[in-house]
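One structure is given below, encoded as structure tokens.
No lab work stands behind these numbers, since they all come straight from the coordinates. Just so we're clear, the structure is a prediction, and the values are computed from it rather than from any experiment. Cβ: placed from backbone, ideal geometry, glycine included. Neighbour counts: every protein chain shown.
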């Protein structure tokens, strides 16, 4: 193999390219716009070097940089100019590149140096696998499942902010959890339509009961008791100055609108994900408690299961592996999860594991047995171990392409 090494430092506006010869010497270093035209210029310059030096292989590397490198990877993969050559594309972990750079003394930090480090990292061959560019159906599904992930995260953050602001208006109501669901339609109506804690405390009980019945669509088994609990909480809540109270009402109203919009987004994502999943085989929904959304999130991140030789590799890819702490005859029993891994896959595996704890006897028993083994971080530890167990099941079902049969 006679390769040309190409290191690319990617940014939103430009890509800095370093072309390195097999012996580590510099051929050239240049910058092109991060656009299709700029990438076309880069390909032409790479082709010129391949032709003039009779290279048969081109190894291209770039750091994982959020969305800025995705289009470039697609372009490099699809461009026909480099098709006659043995072309390999690697997307490197920035931590790996940084550690490699640390082996050099006193190198400055700039884009040209970074592109050199990437090229040299490729030359030393510390790269295990070529970048995985899956069937584009998986990429399309991944766009949806990741967007849903962010929408859920935003909704969670908005709910936290809402609770903090709600405390200002109804301090006792947030402490005593008067409503079984703090974010129900009836609860929102109380927060929005009743002006202040003072107004709620002085409201006629029958009028409040009728309000609860109307907003709850007559679903409360004992609306009178709910009304009494709400009024009791309002009477013991702090009273705000009118000017402050008015601003709090505005914030609560805007926050409620935001939460409803995010919930609507998530529903639309769910519909789109279910439609996209019709194009892909899915054996994971044969597991009771694993629906199309959770299974889609897992499958989108894994792609072709055959790229993982065993379940341990899949677990590590998801960040569900533990650090080893050993020296001499000492081997620590207390270890932490690794910090790396695919956070999207980890999220959906956790969601699936938690669902199985509620729906599957085997997983419920496993979770509770692990919960009882320690006195600290019981839930966190038990759920991580349950997710790791679930990972083994996912690997086997996808590898064998078979449906799940629960243990009897």
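Taken over the stretch 140-274, the alpha-carbon convex hull comes to 105 cubic angstrom per residue.
The relative contact order of the stretch 140-274 comes to 43 percent, based on Cα pairs under 8 Å that sit 6 or more residues apart.
Among beta bridges identified by DSSP and lying wholly in the chain, the antiparallel ones come to about 55 percent.
Please determine, in degrees from 0 to 90 and to the nearest 10, the orientation of helix 361-371 with respect to the longest principal axis defined by the Cα atoms of the chain, where the helix direction is its Cα long axis. The angle comes out at about 90 degrees. Helix 292-302 versus the longest principal axis of the chain: what is the Cα-based angle in degrees, 0 to 90, to the nearest 10? Roughly 20 degrees between the two axes.
If contacts are Cα pairs under 8 angstrom and at least 6 residues apart, what is the relative contact order of the stretch 56-205 in percent?
Details: 76 pairs, mean separation 29.1, N = 150.
Reported as a whole number, the value is 19 percent.
Taking all pairs of different Cα atoms in the stretch 284-400, averaging 1/r and flipping that mean, what Kirkwood radius in angstroms comes out? Display every interim value, and only then the final one.
Numbers: mean 1/r = 0.0675 Å⁻¹.
Computed over Cα pairs of the stretch 284-400, the Kirkwood hydrodynamic radius comes out at 14.8 Å.
Annotation for the stretch 132-187 versus the stretch 338-408: alpha-carbon center distance of 23 Å. Take every Cα pair under 8 Å whose residues are at least 6 apart in sequence, average their separation, divide by the length of the chain, and the relative contact order is 13 percent.
If Rh is defined by the Kirkwood formula over all Cα pairs and Rg also comes from Cα, what ratio Rg/Rh do you get for the stretch 39-109?
Over the Cα atoms of the stretch 39-109, Rg/Rh equals 1.03.
Of the peptides 270-279, 373-382, the ranking by mean beta-carbon count within 10 Å, highest at the top, reads 270-279, 373-382. When peptides 151-163, 308-320, 96-108 are sorted by average Cβ neighbour count within 10 Å, with the highest value leading, the order is 308-320, 151-163, 96-108. Rounded to a whole number of µm²/s, how large is the Stokes-Einstein D of the chain at 37 °C and 0.692 mPa s, given Rh as the Kirkwood radius over C-alpha pairs? Stokes-Einstein gives a translational diffusion coefficient of 127 µm²/s.
Between the Cα long axis of helix 378-400 and the first principal axis of the chain there is an angle of about 50°, rounded to the nearest 10.
Each peptide among 205-213, 142-150, 51-59, 226-234 gets the average number of other Cβ atoms lying within 10 Å of its residues, and from highest to lowest they stand as 226-234, 142-150, 205-213, 51-59.
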